[in-house]
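What follows is a short report on a single structure.
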Amino acid sequence: MENVTFLDVTQMDGTTKTFAIIDRGNGEFTSMPKADYEASTLPSNSSTPQAGA
Amino acid sequence: MSRAQLTSTVEQNTGGAVAPFVAGKNFLVNGLHEIWQRGTSGTVSQSATAYVADHWWGTRFGGAAGMTMSQTTGANNLSYGLRAQRTAGNTDTSIIQFGQNIESLHAEPLRGQTVTFSFYVRAGSNFSSSSVTVGLQANTSTDGVYFANGGWGTNFASTTLSSANSNLNTTYTKVTVTGTVPSNAVGVCVVFLYSPASGTAGAADYLDVSACQLEIGSVATLASRAGGTFQGELALCQRYYYRQSGTENASMFLGYGQAYSSSQLYWTTRLPVQMRTTVQALDYYGLQVYLNSSGSGYGISSISINQSSSISPSLFVTCTSGLSTNTMYNIFMAGSSSYLGFSAEL
């Protein structure tokens, strides 16, 4: 079961960037900017795939 | 055997005999399923890392569980194929789909062209779907992703695999699909899609594909590597994903980073090839920070992108605590299963 947490990281210029840290539950992690994570998880709940020609 | 005979019914070639292995002929990356940087099997979920074989994505509609992708034996004397499987015991009937999105830059020469998608396919003895749709789709979004949109739209070419059509059996059968890419296509995708039947998945509820090739022309030729050679294919795969792993050296040092606080350090690394775009995501397992002078190891709580780059990304490495500011630390593999991956997949 995946567990996603959001992490604010202060960059060298003082700005803060938020990352999604996806815990795969087996010690494996994936890290990406929060915006990219949110974009990538939209799909599966969207419309029905187009199977036909 | 002339190239004209092999690749097209319309193009002419007066250069004499040409072997059917021409770099770039196959528009699919890793079409022979030889590159598995992430490992040879994996569970597919709705997350962004639904890749197992390099550059081949898989997803189950609705983010349903119960799908794996793995390496299998290939067809036509090839070593490997790609298997999409409903996990034994799974009762979910959500659509299973897998395929490959072709980067817009690579798809551009396909615009308005007649193309042929060829592949070998076989089904497991417990395959529960009555048919499989194979579609070629195009979209008008730069580097668009098929599964991110629940399908792009209408197939510009497709075929249906089924036992009734005599093209879906438990032994490999070669199938070809030919169509014309829309002239305004910005991206092209090949997709396999099917719905498992109601009931419980058996141990062999899978679909295997091998020797996948998308080429210009109306005649399917012998499948070849897009990158020409194995090394070329690997470099092409690394345009989208690169993984350093501990399989060759369980305590490999990856590089040095400088602590800027008691819990964080910066580390800039160099990738073997320039990626498609700046690094979009990292995945990692079993890494540690290490101080050579003291022999002390520090657990890593997260790694994230500091300054993204397509060739030389800078990373934040966050530890629990105990680092000394401005001290150089090593980032290393803590075991043979350890890895750090950089993704610029579509």
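The values are calculated or read from the model by the stated rules, or taken from the named source; none is laboratory data. Just so it is clear, the structure is predicted and the values come from calculations on it, not from any experiment. Here the Cβ is made from the backbone with ideal geometry for all residues, glycine too, and neighbour counts use every protein chain on show. Please note that ligands, DNA and RNA were not included when accessible areas were found on the heavy atoms of the full protein model with its side chains. Shrake-Rupley method; radii C 1.70, N 1.55, O 1.52, S 1.80 Å.
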Checklist entry - Out of the range B:221-238, which residues are part of a loop (DSSP other than H, G, I, E, B) and acidic (D, E)? => result none
Item to check | the range B:269-328, residues that are in contact (Cβ under 8 Å) with a residue 60 or more places away in the chain, over 33 Å from the mean Cα position of the chain (by Cα) and crowded, with 16+ Cβ neighbours inside 10 Å | outcome: B:L323
Item to check | Any chance B:A281 is within 12 Å of chain A (Cβ to nearest Cβ) and either over 25 Å from B:L234 (Cα atoms) or in contact with a Phe, Trp or Tyr (Cβ under 6 Å, 6 or more places away or on another chain) (or both) | outcome: no
Checklist outcome for this item: Reported set for the range A:1-15 where residues are in contact with an Asp or Glu (Cβ under 7 Å, 6 or more places away or on another chain) and more than 9 Å from chain B (Cβ to nearest Cβ) is A:N3
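Given the criterion more than 12 Å from chain A (Cβ to nearest Cβ) and not basic (K, R), identify the matching residue among B:T59, B:T73, B:T43, B:T133.
Working: B:T59 fails: more than 12 Å from chain A (Cβ to nearest Cβ); B:T43 fails: more than 12 Å from chain A (Cβ to nearest Cβ); B:T133 fails: more than 12 Å from chain A (Cβ to nearest Cβ).
Checking each option against the conditions leaves just B:T73.
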Next on the checklist: Just checking: which of the strands (runs of 3 or more DSSP E) contained wholly in the range B:63-123 hold 1 or more residues that are without any contact (Cβ under 8 Å) to a residue 40 or more places away in the chain and open to solvent by 40 Å² or more (accessible area, probe 1.4 Å)?
Outcome noted: B:67-73
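Scan A:T41, A:T18, A:T30 and give me the residue that is at the interface with chain B (Cβ under 7 Å from one of its Cβ atoms), open to solvent by less than 50 Å² (accessible area, probe 1.4 Å) and at pLDDT 85 or above.
Values: A:T41 fails: at pLDDT 85 or above; A:T18 fails: at the interface with chain B (Cβ under 7 Å from one of its Cβ atoms).
Among A:T41, A:T18, A:T30, only A:T30 is at the interface with chain B (Cβ under 7 Å from one of its Cβ atoms), open to solvent by less than 50 Å² (accessible area, probe 1.4 Å) and at pLDDT 85 or above.
Just to be sure I understand, how many residues within the range B:188-220 are outside any loop (DSSP other than H, G, I, E, B), of a type outside the set (F, W, Y) and within 23 Å of B:I95 (Cα to Cα)?
10
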